[in-house]
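Read the structure below first, then the notes.
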Amino acid sequence: MSLADGQVLTTRRVLVTTGLRDEIPDIPGVAERWGRDLLHCPYCHGYEVRDQPVGVLGGTPEAVAHALLVRHWTDDVVYFDHTSELSAAERERLVARVIGVVDGPVARLVVADDRLTGVELESGQVVPRTAVVVRPAFLASSDLLVGLGCATHENGWVVPDSVGQTSVTGVFVARNAVNPRAQVVTAAGEGSAAAIAINNDLVEEATVHALTEYRKGLAA
């Protein structure tokens, strides 16, 4: 294995946990407020913004589903369709859950005294919000794995077996490098399963080698 600085490492197995990349909307304020009052996971952050006026930014995959999830933590949810056009069925679902719908592209997040105060539309209208949720697109960090020849799904994510073995012998993968929905506990479990599989693989390799040498000795 060659590193960027030219150093070469020798190994019989490798476990890759390169994670993923969040592709977020290119809207002023989104990157700056990321992880503060611009949130991405209702399960991680929903309780923190309970009973607050929350916005959900559309234009990303599963944004409507995110709005429906956020609605469990607060009665004041507004969905900004931004660059996406809601279907009639999606709009009906939001309205049925008493989620406000604001049409039109979002221009920026409004921040005052280092706190999010609202969402400004390109029309100039500002909708007061104290938190905004966005559903980012998850992109696999799989260049290394693809370069090694690992098989991938049509969406670019590497295909592992139940213990993380890829299509390339000796190359294992775990966590968000292969499973975009793996939270900490899931990722740790996948890493443990892959580590155990690697250990068993090495034990079997050592045993086969020892058995071969043993039989050579008997035949001598």
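The values are calculated or read from the model by the stated rules, or taken from the named source; none is laboratory data. No experiment lies behind these values; they were computed from the predicted model shown. Note: ideal-geometry Cβ built from the backbone for every residue, glycine included; neighbour counts use all protein chains shown.
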Q: Answer with yes or no whether A187 is at pLDDT 90 or above, in a helix (DSSP H, G or I) and under 15 Å from the mean Cα position of the chain (by Cα).
A: yes
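Can you give me the number of residues within the range 18-44 that are over 18 Å from P128 (Cβ atoms) and in contact with a Gly (Cβ under 9 Å, 6 or more places away or on another chain)? First the steps, then the outcome.
Residues of the range 18-44 that are over 18 Å from P128 (Cβ atoms), as a first pass: 18-26, 31-32, 34-35, 40-44.
With the extra rule that they be in contact with a Gly (Cβ under 9 Å, 6 or more places away or on another chain), the set shrinks to 25.
Count: 1.
Filtering the range 38-93 down to residues that are among the hydrophobic types (A, V, I, L, M, F, W, C), assigned to a helix (DSSP H, G or I) and over 22 Å from the mean Cα position of the chain (by Cα), which residue is surrounded by the fewest Cβ atoms within 10 Å (Cβ to Cβ)? So that I can check it myself, show each step before the final result.
Initial filter on the range 38-93 (among the hydrophobic types (A, V, I, L, M, F, W, C)): 38-39, 41, 44, 49, 54, 56-57, 63-65, 67-70, 73, 77-78, 80, 86, 88-89.
From what's left, assigned to a helix (DSSP H, G or I): 44, 49, 63-65, 67-70, 88-89.
Narrowing further to those that are over 22 Å from the mean Cα position of the chain (by Cα): 88-89.
On the way: A88: 7, A89: 9.
Ranking the qualifying residues of the range 38-93, first place goes to A88.
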(Q) I'm trying to understand the selection: among the residues of the range 112-129, which are surrounded by 15 or more Cβ atoms within 10 Å (Cβ to Cβ), out of contact with any helix residue (DSSP H, G or I) (no Cβ under 7 Å at 6 or more places or on another chain) and in contact (Cβ under 8 Å) with a residue 60 or more places away in the chain? (A) V119, V127, R129
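Within the range 94-111, how many residues are in contact (Cβ under 8 Å) with a residue 60 or more places away in the chain and surrounded by fewer than 16 Cβ atoms within 10 Å (Cβ to Cβ)?
Residues in the range 94-111 being in contact (Cβ under 8 Å) with a residue 60 or more places away in the chain and surrounded by fewer than 16 Cβ atoms within 10 Å (Cβ to Cβ): 1 in total.
Per-residue answers, yes or no, for (1) touching a strand residue (DSSP E or B) at 6+ places or on another chain (Cβ under 9 Å); (2) hydroxyl-bearing (S, T, Y); (3) without any contact (Cβ under 8 Å) to a residue 40 or more places away in the chain; (4) in the same structural domain as Y47 (by TED's automatic domain parsing):
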residue: A131; (1), (2), (3), (4): yes, no, no, yes
residue: L144; (1), (2), (3), (4): yes, no, no, no
residue: G147; (1), (2), (3), (4): no, no, yes, no
residue: A151; (1), (2), (3), (4): yes, no, yes, no
residue: G156; (1), (2), (3), (4): yes, no, yes, no
residue: S162; (1), (2), (3), (4): no, yes, yes, no
residue: Q165; (1), (2), (3), (4): yes, no, yes, no
residue: V168; (1), (2), (3), (4): no, no, yes, no
residue: F172; (1), (2), (3), (4): yes, no, no, no
